1. Being part of a loop (DSSP other than H, G, I, E, B), of a type in the set (Lys, Arg) and loosely packed, with under 10 Cβ neighbours inside 10 Å is the requirement here; does LYS28 meet it?
2. Scan region 35-57 and tell me whether some residue there is touching a Leu at 6+ places or on another chain (Cβ under 6 Å) and either surrounded by 10 or more Cβ atoms within 10 Å (Cβ to Cβ) or free of Cβ contacts under 8 Å to residues at least 40 places away in the same chain (or both).
3. Before we move on, is ARG62 surrounded by 10 or more Cβ atoms within 10 Å (Cβ to Cβ) and of a type in the set (Lys, Arg)?
4. Would it be correct to say that GLU58 is charged (D, E, K, R), in a helix (DSSP H, G or I), at negative phi and touching a helix residue (DSSP H, G or I) at 6+ places or on another chain (Cβ under 7 Å)?
5. Can you name the condition, by its number, that GLY21 falls short on among (1) of a type outside the set (Lys, Arg); (2) on the phi > 0 side of the Ramachandran plot; (3) surrounded by 10 or more Cβ atoms within 10 Å (Cβ to Cβ)?
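What follows is calculated from the coordinates using simple rules that are stated; it is not laboratory data. Because the structure is a prediction, the values reported are computed rather than measured. Virtual Cβ from ideal backbone geometry, glycine too; neighbours counted across all protein chains shown.
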Amino acid sequence: MAAKRRSLSFYIGGEFLSDKGNLIKYWKFIFYIFFLVVLYISFHYSMRNIQTQISDNEKTIRTLKSEYLGKYSNLLYSSQRVEIEKKLNETGSKLVPPDEPPAIVKLKRR
């Protein structure tokens, strides 16, 4: 068991690279580890950018939603009959409300 611990610490500590010729012998392994580190860093960076974009988009959605609700409430208020009559009177329009309620028009099919 002690030999396994020594060999494990031998590889984890990087002592295997200090021997002559081992650097050339393990160059593929070193390149592989370097590639994994670069891949990990680039993956982390891209995920961070995506999280930033998601946060910005959520803020924009909240802003647009509040603007929409404000405009929608103004539209509902201004489309009330009393408000329409006030606006028509202010502009000097001669429109008057109808005396009779609207009638249903039925078409005969041939």
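1. Values: part of a loop (DSSP other than H, G, I, E, B): no; of a type in the set (Lys, Arg): yes; loosely packed, with under 10 Cβ neighbours inside 10 Å: yes.
So LYS28 does not fit the description; no.
2. To start, the set of residues in region 35-57 that are touching a Leu at 6+ places or on another chain (Cβ under 6 Å) comprises none.
The answer is no; no qualifying residue exists.
3. Values: surrounded by 10 or more Cβ atoms within 10 Å (Cβ to Cβ): yes; of a type in the set (Lys, Arg): yes.
Taking the combined requirement at face value, the residue satisfies it.
4. Details: charged (D, E, K, R): yes; in a helix (DSSP H, G or I): yes; at negative phi: yes; touching a helix residue (DSSP H, G or I) at 6+ places or on another chain (Cβ under 7 Å): no.
Here the answer is no, as GLU58 does not meet what is asked.
5. (3)
Table: residues versus (1) polar (S, T, N, Q); (2) touching a Ser or Thr at 6+ places or on another chain (Cβ under 7 Å); (3) exposed (fewer than 10 other Cβ atoms within 10 Å of the Cβ); (4) not in a helix (DSSP H, G or I).
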position: LEU69; (1), (2), (3), (4): no, no, no, no
position: TYR72; (1), (2), (3), (4): no, no, no, no
position: VAL82; (1), (2), (3), (4): no, no, yes, no
position: SER93; (1), (2), (3), (4): yes, no, no, yes
position: PRO97; (1), (2), (3), (4): no, no, yes, yes
position: VAL105; (1), (2), (3), (4): no, no, yes, yes
position: ARG110; (1), (2), (3), (4): no, no, yes, yes
